[in-house]
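Here is the structure we will look at.
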Amino acid sequence: MAALVLYDFGNSVCCQKVRITLRAKGLDWEVRRVDLFKSEQYDPQYLKMNPKGVVPTLVHDGRPVIESTLICEYIDETFPDPPLIPSDAYGRTRMRLWSKFADEGLHDGVTEMSFSAMFRERMRNMTEEQRQTRFRNVGDPRRTDRFKSTYELGAKSPFVTHGIAAYERAFKLLDETLAEGGPWIVGGAPTLADINLMPYAARLEYLGLIGAWLDIRPRVREWWARAQDWPHFKTGLKDLIAEDEFAAMRTHGPKILDDVKAAVAGLRGK
Ligand SMILES: N[C@@H](CCC(=O)N[C@@H](CS)C(=O)NCC(=O)O)C(=O)O
């Protein structure tokens, strides 16, 4: 078995964070695909490693590490060159603030937006039994409620609105942060703060929605252009998205653009 094995699924944002980090460290890994649409994340063997039934899981020398934010920090500590975590305590807290933004708002937000634009259709075509398995979600009632609400209400679900607001807060702070320094979030070189945010910006970009937040934020647009030019963004994220996944995002994302724009305008008091 390879030293590093990543339990991974195509276009998953959390897996993308981990892949960019592995690329930035120049590491190779073996992929084990967990098909979320076949509910393979609920396989009892997989749940022993990752009790929440989510991807990614990184197995290093036979030991599982879970939670993408923790996995990225683990990779940085285990393979220190080049460093992706600032060396001073203040820099580290500033970097971790962006992990919190991702974990405490953006992740649920992007999940619900993607779901309302793309996956709802796919769930309608499932059998009732398959759908109920997805809803049950290994006993996490909060995820079940989010899932059901978005399945029923689409972009009008309050969970989608919460996600749109989380993005508005994050991009506003990013704008202020970049105004004070830059060109990366915590200074002159990319850190896990940038890596944590990249997949969440990328998904909005590929869904054709990002302009709704960045229209008034040229500094964030510059950061995003710089991120997309970073070689590890390309090899860890963009190059690993299949053409049919790009096509699905391009086709379905714009369906919720008007709802997104209206919600952002509401948040800005327009
Ligand atoms: N906090 C977890 C979240 C992981 C997560 O939600 N992963 C999604 C894919 S991005 C997943 O596996 N979802 C399973 C499902 O939809 O049932 C992490 O950062 O690793």
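The values are calculated or read from the model by the stated rules, or taken from the named source; none is laboratory data. Keep in mind that this is a model prediction, so the values were computed, not measured. FYI the Cβ positions are ideal-geometry reconstructions off the backbone, even for glycines, and counts take in every protein chain you see.
Which one of the conditions (1) within 12 Å of the ligand (Cβ to nearest atom); (2) in contact (Cβ under 8 Å) with a residue 24 or more places away in the chain does V160 fail to meet, given that it meets all the rest?
(1)
List the helices (runs of 4 or more DSSP H) that sit entirely inside region 1-104 and contain at least 1 residues that are within 12 Å of the ligand (Cβ to nearest atom), assigned by TED's automatic domain parsing to the domain that holds L178 and of a type outside the set (D, E, K, R).
Qualifying helices (runs of 4 or more DSSP H): 89-101.
Are any of the residues in region 138-155 at pLDDT 90 or above, surrounded by 18 or more Cβ atoms within 10 Å (Cβ to Cβ) and under 16 Å from the mean Cα position of the chain (by Cα)?
The answer is no, given that none of the residues of region 138-155 is at pLDDT 90 or above, surrounded by 18 or more Cβ atoms within 10 Å (Cβ to Cβ) and under 16 Å from the mean Cα position of the chain (by Cα).
What number of residues within region 120-132 satisfy the criterion of being surrounded by 15 or more Cβ atoms within 10 Å (Cβ to Cβ) and either in contact with a His (Cβ under 9 Å, 6 or more places away or on another chain) or in contact (Cβ under 8 Å) with a residue 24 or more places away in the chain (or both)?
2
For I85, state whether it is within 19 Å of A193 (Cα to Cα), of a type in the set (V, I, T) and touching a helix residue (DSSP H, G or I) at 6+ places or on another chain (Cβ under 6 Å).
For I85, the condition - within 19 Å of A193 (Cα to Cα), of a type in the set (V, I, T) and touching a helix residue (DSSP H, G or I) at 6+ places or on another chain (Cβ under 6 Å) - is met.
Being buried (at least 17 other Cβ atoms within 10 Å of the Cβ) and touching a Leu at 6+ places or on another chain (Cβ under 9 Å) narrows it down to one of R19, R32, so name that one.
None of the others qualify; the one that does is R19.
Does any residue of region 188-201 turn out to be surrounded by fewer than 20 Cβ atoms within 10 Å (Cβ to Cβ) and in a helix (DSSP H, G or I)?
The answer is no; no qualifying residue exists.
Tell me yes or no: at least one residue of region 107-116 is surrounded by fewer than 21 Cβ atoms within 10 Å (Cβ to Cβ), away from the ligand (no atom under 12 Å from the Cβ) and free of Cβ contacts under 8 Å to residues at least 60 places away in the same chain.
The answer is no, given that none of the residues of region 107-116 is surrounded by fewer than 21 Cβ atoms within 10 Å (Cβ to Cβ), away from the ligand (no atom under 12 Å from the Cβ) and free of Cβ contacts under 8 Å to residues at least 60 places away in the same chain.
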